[in-house]
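The structure appears right after this line, and notes come after that.
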Protein chains: 2
Amino acid sequence: MNAPLREPQQDRSRATRERLLAATVELLATRGWAATTVARVAEEAGASRGAAQHHFPTREALFTAVIEQMYDTMTADVGAALADLPSGPDRIAAVVDQAIEIYTGTRFKAALQVWSAAASDETLGDVIRPLEAKLGRAAHKLVVAGLDPDGTRPNAHRLAQITLDLARGFGLADTLTDDSKRRAGVAAAWVEQLTAALG
Amino acid sequence: MNAPLREPQQDRSRATRERLLAATVELLATRGWAATTVARVAEEAGASRGAAQHHFPTREALFTAVIEQMYDTMTADVGAALADLPSGPDRIAAVVDQAIEIYTGTRFKAALQVWSAAASDETLGDVIRPLEAKLGRAAHKLVVAGLDPDGTRPNAHRLAQITLDLARGFGLADTLTDDSKRRAGVAAAWVEQLTAALG
C-alpha cells in the first residue's frame, strides 16, 4: 500500500523542481545573471529555501540543471518545428521565422545571460559549449530542410548558416530594445535574398 | 613658472585615467562583468586604489566612462574605415570584413558584457542605448557607402542591415569559442550573395 502514497510525493517533488527551473529561466531573462540567486529563485517559485537547496545544493548545480533543460527544450522545439514547416512558396519565410524565434525568445534571453557569464567562467563554458553545439546542429538541420527539402541545392548549407548567424544577431539586438519592427523589415529582405539565391 | 610644472602632473593624471579605462575594457572582455571591480582595475592598471577612486568614485562612474570611451572609439574607427575602403571588385569583401571587425574585437567583447548586464539594469541601459544607436548609425553608413558608393542601388540599405545583423551574430558566436574559421566560410558566402544582389 506504500506505492500510491509515495507517488504523489515524488510528483510534488518533481513539480517543485520544475517550478524552480522555470523561475530561474524567467529571472535570468528579466533580471540577469547576478540577480538570479538560489534564494530569489525559491521565492519566485513559491518554494521554501530548504526545498530549493534540497534540489540544488549550490548555485552551480542549479545553473547546470537549468542550462541543460533550457537547451534540451530549445533543441526539442526546433525538432518539432521541422515537422510543421509548410510546403510551397511560404516555406522559406516560415523557416526564417522559426530561426528567428529560436534566438529571440525568453529562453534565449536567459541563455544569453549564461553565455555572457560563461565568457569568463571556464566551468560554465564547459557545460554550455556542447549544448550550444547540439542546438546549433538541430537549428542548422531545420533550416537546411526548410530551404532545400529535396536536397538538390548545394548552396543550402551556407545559406542556412547565414540565416542562423543573422538570427543570432537579431537576438542580440533585441536585448536592449524591442527590435521586432526593424527586424521584420530586415528579415523580409533576407527572405527575398534567399528566394532568389535558391532559384 | 607654474605652468610647466602643472602640465606634467595633468599629463600623468590623464595617463592614469587612460590606463584605468584600458584595463577595464581588457578585464570586461577577458574576465567578465562581475570580476571587473574598481580594485581589480586599479591593480591591472598599476595604479593605486586612491588614484582609481579619485578618477572614478563609484563603479558606476567607471562604467559610464568606459562605455562612452569604448563606443566613441568604435564609432571613430568605423569613420576611419570609411576613408580606407578600396575601390573595384574587392570593395564588397573589404566592407564585410570591416563590419565583422566591429563586432568581433576586444572592445565589442567588453561591450557585450556591459550589454548583457544592461538587460537587467535600467541605469546602465539608459547609458548604453544612445551610444549603441550612434555606433549602429556609423556602421550602417560605412556599409552602405561600401556597397553603394554611387548611391544608385536602392537595395543597399537593407543589404547593409543584413550585413550588420550577421556581423553581430558572428560576434556572439565568437564569445564561447574561436569561431574565426567557420565565420570566414560564412562571410565568403555572404560576399557572394551581396555581389549577386548588387548586380
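Values quoted throughout were computed directly from the atomic coordinates according to the rules given, and no laboratory measurement underlies them. Note that the coordinates shown come from a computational prediction; the quantities given were computed from them, not determined experimentally. Note that each Cβ is placed from the backbone with ideal geometry, even for glycine, and that neighbours are counted across all protein chains shown.
Key figures
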quantity	calculated
Residue-count net charge about A:W190 - beta-carbon cut-off 12 Å; Lys, Arg +1, Asp, Glu -1	-2
Cα gyration tensor shape of segment A:1-115, rounded if a/c is under 1.5, else prolate or oblate by comparing a/b with b/c	oblate
The protein assembly as shown - Kirkwood radius from inverse mean 1/r over Cα pairs (Å)	23.0
Around A:E18: net Lys/Arg minus Asp/Glu count, Cβ-Cβ under 14 Å	-1
Over 20 Å [Cα-Cα, chain B], rounded percent	61
Fewest-first ranking of B:E192, B:E132, using other Cβ atoms within 10 Å as the exposure measure	B:E192, B:E132
Exposure proxy ranking, count of Cβ atoms within 10 Å, fewest first, for B:D174, B:D148, A:D150	A:D150, B:D148, B:D174
Ascending list, in nanometres, of distances separating the A:R153 label from those of the other copies (7 Å, Cα toward Cβ)	2.0
Rounded Å value of the spacing that divides the Cα centres of segment B:21-71 and segment A:82-153	35
Residues A:H55, B:H140 arranged by fewest to most Cβ contacts within 10 Å	B:H140, A:H55
Cα-based helix-to-principal-axis angle, B:59-84 vs chain B, degrees rounded to 10	40
Modelled FRET efficiency - R0 41 Å, A:H54 with A:D97, Cβ distances, 0.05 increments	0.50
Lysine pairs within the protein assembly as shown, Cα separation less than 25 Å, 8 or more sequence positions apart or different chains	13
